[in-house]
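Chemist: Got a structure for you, questions after.
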Amino acid sequence: MLACLLPVAGVAEADLDAIERFVAVYFDCETRRLAPLATPPDAYDAKRDQYDATVILRAALAQSPPGATRLLVVTEHDIFIPMLTFIFGQAQVNGLAALLSLARLRQEYYGLPARRELFIERVLKEVLHELGHTFGLVHCQDRQCAMSLSINVTNIDVKRGELCAACARTLGDRRRAVGQGANGADGENRGE
Ligand SMILES: [Zn+2]
Ligand SMILES: [Zn+2]
């Protein structure tokens, strides 16, 4: 498995380092950092002062190198899909790509003092969540499982940085299937 990390221009190197290390260890896979993607001009929605996740994901997919098993796109932009006020991330279920926004994972976003460790914890939980979707995992009812749906950072903080036993088993099965080349990129998109 080759997991490619594609930052949208503006993400700090230290944050990308933490994400790349986590993915390499958690998924026990090769990783590659791609050159930053310029923000697609048509992604910005002036009325919402936010960025369209679908437009970013589409532009990112055009940059996916041959041989990539997964494409993890990371942005500082606050992102949305039309039916929701915001999303933390979006993923193609059973697909290639996942997108994660760091914008709302910092304490500073909520007017609170910075807590780097907490920020990174949230980032890695959401990386696992979004990549979990790309392996076909759906939202889990266990509030402590990383695959549980988060609609705010409090939900994220309740989650552990790992999967419940059932989701871990499913991930293992799906990963073996991917290893055998059975992965289709039939990417139905899922917000958060
Ligand atoms: Zn679970
Ligand atoms: Zn989700």
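Chemist: Only strands (runs of 3 or more DSSP E) wholly contained in segment 76-192 count here; list those with 1 or more residues that are within 30 Å of Pro40 (Cβ to Cβ) and within 16 Å of ligand 1 (Cβ to nearest atom).
Modeler: Qualifying strands (runs of 3 or more DSSP E): 89-93, 188-191.
Chemist: In segment 68-83, how many are over 11 Å from Asp52 (Cβ atoms), of a type in the set (A, V, I, L, M) and surrounded by fewer than 20 Cβ atoms within 10 Å (Cβ to Cβ)?
Modeler: Residues in segment 68-83 being over 11 Å from Asp52 (Cβ atoms), of a type in the set (A, V, I, L, M) and surrounded by fewer than 20 Cβ atoms within 10 Å (Cβ to Cβ): 2 in total.
Chemist: Residues Arg48, Arg21: which one is assigned to a helix (DSSP H, G or I) and surrounded by fewer than 18 Cβ atoms within 10 Å (Cβ to Cβ)?
Modeler: Unique residue meeting the criteria: Arg21.
Chemist: Another question, then. Pick from segment 24-45 the residues that are among the aliphatic types (A, V, I, L, M) and part of a helix (DSSP H, G or I): which of them is farthest from Pro66 (Cα to Cα)?
Modeler: At the first step, the residues of segment 24-45 found to be among the aliphatic types (A, V, I, L, M) are 24-25, 34-35, 37-38, 43.
Narrowing further to those that are part of a helix (DSSP H, G or I): 24-25, 43.
Working: Ala24: 19, Val25: 22, Ala43: 25 Å.
Looking at the filtered set, the residue picked out is Ala43.
Chemist: Being over 16 Å from Ala35 (Cβ atoms) and small (Gly, Ala, Ser) is the filter here; which residues of segment 50-81 pass it?
Modeler: Hits for segment 50-81 are Ala53, Gly67.
Rule-based calculations on the coordinates, nothing more; no lab input. Predicted model only: the values in this text are computed from it and were never measured. Virtual Cβ from ideal backbone geometry, glycine too; neighbours counted across all protein chains shown.
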